[in-house]
Amino acid sequence: MAGNVNNRKSFLGCGMKFPPEIDKATGRFLTSSGNETVKESLYLILMTQRTERFTRPEFGSDIMSYTFMDTGATMLSILRRNLTQTIIAQEPRISDIDIQMDYRDKQGCIIIDIGYRVISTNVRDNLVFPFYLNRGSMEEEPESEVISEPVYYEDYTDADTDADADEVEG
């Protein structure tokens, strides 16, 4: 039975941790294995825009195309279906995918909770992924705090600064 458990874990794989991290003690890249690799794989699928990788243009998701979407029930349902199909096609180590979405209007994001079962170990797990719909307009700065761009006087000749001084005095 112990050999069977080791075969299950080898199916899940072992590789460089994502996002990459370095072990401060050894200076080597940290690795992940087991169920952690599945979770990192899901995150990588979501964060990679389809066609971004030249050697695997089908890898990744189209989640960024939903950035400025309408947050109605229909669009959330389309996003859920699209993500489910993408995950099924690209992550063969999991099944029973259940995606729940919680729209947070004040924060301008959708909390995507992806529940799944790892096939080889029969362990249920989940990945919570915040998807920001409009990062640029989270909070606008008040005008009183806006700092103007500096003026570099190196770009002006002495004749320009003398002319500007005459305009101010005159």
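Name the single residue, out of those in the range 71-91 being without any contact (Cβ under 8 Å) to a residue 12 or more places away in the chain and not hydrophobic (A, V, I, L, M, F, W, C), that is nearest to Thr48 (Cα to Cα).
Gln85
Among the residues of the range 98-128, how many are closer than 16 Å to Thr71 by Cβ and of a type outside the set (Lys, Arg)?
Total meeting the criteria: 12.
In the list Met69, Met64, which residue meets the criterion of being touching a helix residue (DSSP H, G or I) at 6+ places or on another chain (Cβ under 6 Å) and either closer than 16 Å to Leu133 by Cα or modelled with pLDDT of 90 or more (or both)?
Met69
Got at least one residue in the range 22-37 being at pLDDT 85 or above, closer than 21 Å to Ile97 by Cα and of a type in the set (A, V, I, L, M, F, W, C)?
Checking the range 22-37: not a single residue is at pLDDT 85 or above, closer than 21 Å to Ile97 by Cα and of a type in the set (A, V, I, L, M, F, W, C).
Could you tell me which numbered condition Leu76 fails, if it satisfies all but one of (1) touching a strand residue (DSSP E or B) at 6+ places or on another chain (Cβ under 9 Å); (2) hydrophobic (A, V, I, L, M, F, W, C); (3) in a loop (DSSP other than H, G, I, E, B)?
Failing condition for Leu76: (3).
So for the range 74-81 (the condition being under 16 Å from the mean Cα position of the chain (by Cα) and on the phi > 0 side of the Ramachandran plot), does at least one residue qualify?
No, the range 74-81 contains no residue that is under 16 Å from the mean Cα position of the chain (by Cα) and on the phi > 0 side of the Ramachandran plot.
Please go through the range 100-112 and pick out each residue that is of a type in the set (S, T, N, Q) and either modelled with pLDDT under 95 or crowded, with 17+ Cβ neighbours inside 10 Å (or both).
Gln107
Somewhere in the range 89-99, is a residue within 19 Å of Tyr132 (Cα to Cα) and modelled with pLDDT of 95 or more?
yes
Which of the residues spanning the range 32-61 are more than 12 Å from the chain's Cα centre (by Cα) and not polar (S, T, N, Q)?
Passing the criteria: Gly34, Glu36, Val38, Lys39, Arg50, Glu52, Arg53, Phe54, Arg56, Pro57, Glu58, Phe59.
For the range 76-106, enumerate the residues that are over 18 Å from Tyr43 (Cβ atoms) and of a type outside the set (Asp, Glu).
Result: Leu76, Ser77, Ile78, Arg81, Ser95, Tyr103, Arg104, Lys106.
The values are calculated or read from the model by the stated rules, or taken from the named source; none is laboratory data. Keep in mind it's a predicted model, so treat the numbers as computed, not measured. Backbone-built Cβ (ideal geometry, glycine too); neighbour counts: all protein chains shown.
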